[in-house]
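Here's the structure we're looking at; comments come further down.
We did not get these values from a lab; they are worked out from the coordinates using the rules stated. What you are looking at is a predicted structure, and each value in this text was computed from that prediction instead of being measured. Methodologically, a virtual Cβ is constructed for each residue, glycine included, from the backbone with ideal geometry; neighbour enumeration extends over all protein chains shown.
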Amino acid sequence: MKCPNCGFEDHLEEEVKFCQECGIYLINNCSNDQCETNNNDENFSLPNNAKFCPYCGSISTFNEEGYFNKE
């Protein structure tokens with residue numbers, strides 16, 4: 001996975017939660033606390049390229065942090 005903040009790609013594992021270069025959280029989630037994706041027992045995350053949640057339409061956490069504006 002490529003870090004949306006710094007672009008680092010050489011992570012030790014495929015399923016890491018934090019970038020080992022800049023330390024940001026690497027999981028893209030829905031920003032709406034009431035969304036079904038945030039209110040279930042499974043750890044559900046949005047695709048890394050999702051700017052908005054496909055279930056409720058709220059902004060994604062990566063979009064909220066401005067990571068898509070860096071491209």
- Task: Grab the DSSP H runs of the chain that are 4 residues or longer, score each as -39,500 (n - 2.57), total them, divide by all residues and round the 222 nm result to the nearest 500 deg cm²/dmol.
- Result: -1000 deg cm²/dmol
- Query: Ranked highest first by the average count of other Cβ atoms within 10 Å around their residues, in what order do 7-19, 44-56, 24-36 fall?
  - Reply: 24-36, 44-56, 7-19
- Length added when fully stretched, residue 16-residue 42, from 0.36 nm per residue minus Cα-Cα: 7.7 nm
- Determine one quarter of the surface area of the Cα convex hull of segment 2-71, which equals its mean projected area, and express it in nm² to one decimal. 4.8
